[in-house]
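Reviewing the structure listed below.
Each value in this text was obtained by applying a stated rule to the coordinates, not by laboratory testing. This one's a predicted model, so the numbers in the text were calculated from it and none came from an experiment. Cβ sites come from the backbone with ideal geometry, for glycine too, and all protein chains shown count toward neighbours.
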Amino acid sequence: MRIGNLLIGRPKIGLALGSGSARGWAHIGVIKALEEIGIEPDVIAGTSAGGVVGAFYAADALQILEDSLKNFKSLRDTLAHLDLGIGTGGLVSGKRWWKKFLENYLPVRNFDELKKPFGVVVVDLVTMQEIHIIKGELLPAIRSTIAVPGFFSPFEYKNYKFVDGGLLNPVPMDLARNLGADVVIAVDLDSRPETEIPSSIREIFLRSIEIMRNRINIDNKIFEKPDVVIEPELDEIQFLDYHKHQLAIAEGYRATMEKKDEILKVVHSKIRRLPSKKNKLKKHIQSIEYHSE
């Protein structure tokens, strides 16, 4: 029950899963830990890798996802899911990943078939705007949110050219609130910036994106004010280290358990003051519904 800006009773819990490429498997450990302490999020928001794990969780297929990771035993297995994208705007076209991974393992094809409200963040290269996808066909939305610029080719739809939502919103706390969350648990996989000096073109490119996203993340946390922030330590996992899924899952679990008391206190508080809208960062976000033509 709401009285002014006070909420009395059980809050609607939102889980905002951040971007992070191979580090994204840590989200599985986060969800496992939350379930173990009796916390079941009501709504899920995801960006990039967080959108992948979030989709499986919202489809009640997290175990299917975890079982599928057994196929990633080495970097070679990761590369087997990727195809060259010469002439597509990226090193990888993403068609093989769509066929071998998404279509094979995700049992749901549309947002309205999911068990929980769910949304992903993408960025349109044409308008340079952040866009939320919360309805329509699911697979194109996931393919769009993981399109790391320069690596995965952009996903084209009508007049849009979608790339990784992490460019503008690495941890989608605002989307979780827009989906109805009273309390937001944010999972930031890139809160601990690299300290090694970049030297190769690849390292410089990835570090440049990391600098930009880190600054955006700091500002977003100030304005969106998540109730709890979980920050796994994932320095050992690099961009394509999908075969290190066990390490990522274990660290996601550990980092969540470290915040156990804080999470339980926030969720089980009988009366809470809801965030003031006065100090929120004003963003005009467009939402779209994807339908293949």
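In the chain, what percentage of the DSSP-assigned beta bridges are antiparallel, given to the nearest 5?
On the way: 18 of 41 bridges.
Percent antiparallel among DSSP bridges in the chain is about 45.
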| said: Give me Rg/Rg_expected for the chain, where Rg uses Cα atoms only and Rg_expected = 2.2 N^0.38 Å with N residues. | reply: 0.95
| Total charge dipole magnitude, the chain, about the Cα centre, Cβ charges on Lys, Arg, Asp, Glu only, Debye to nearest 20 | 800 debye
| remark: Given the candidates ALA141, SER68, TYR157, the one whose Cα lies deepest towards the positive end of the charge dipole of the stretch 50-160, counting +1 at each Lys or Arg C-beta and -1 at each Asp or Glu C-beta, is SER68
| message | What percentages make up the Cα-Cα pair-distance distribution of the stretch 174-257 when the bins are 10 Å wide from 0? | response | 15, 40, 35, 10, 1
| task | Work out which trypsin sites (Lys or Arg not before Pro) in the chain are exposed loop sites (DSSP not H, G, I, E or B, at most 10 other Cβ within 10 Å) and give the longest gap free of them. | result | 1-157
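Could you pull out the GluC sites (Glu not before Pro) across the stretch 137-210 that fall in loop regions by DSSP (anything but H, G, I, E, B) with no more than 12 other Cβ atoms inside 10 Å?
Sparse-neighbourhood loop GluC sites (Glu not before Pro): GLU196.
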| request: May I ask which residue of LEU189, SER21, ILE44 lies farthest towards the positive end of the charge dipole of the chain, with charges of +1 (Lys, Arg) and -1 (Asp, Glu) on Cβ and the Cα centre as origin? | output: ILE44
| Under 14 Å from LYS95, Cα to Cα: aspartates and glutamates that are on another chain or at least 8 residues apart | ASP83, GLU103, GLU156
| task | Would you mind calculating the relative contact order of the stretch 68-149 from Cα pairs under 8 angstrom and at least 6 residues apart, reporting the percent as a whole number? | result | 21 percent
| message | Using the Cα centre of the stretch 44-157 as the reference point, and only Cβ charges (+1 on K/R, -1 on D/E), how large is the resulting charge dipole? Debye, rounded to the nearest 20. | response | 320 debye
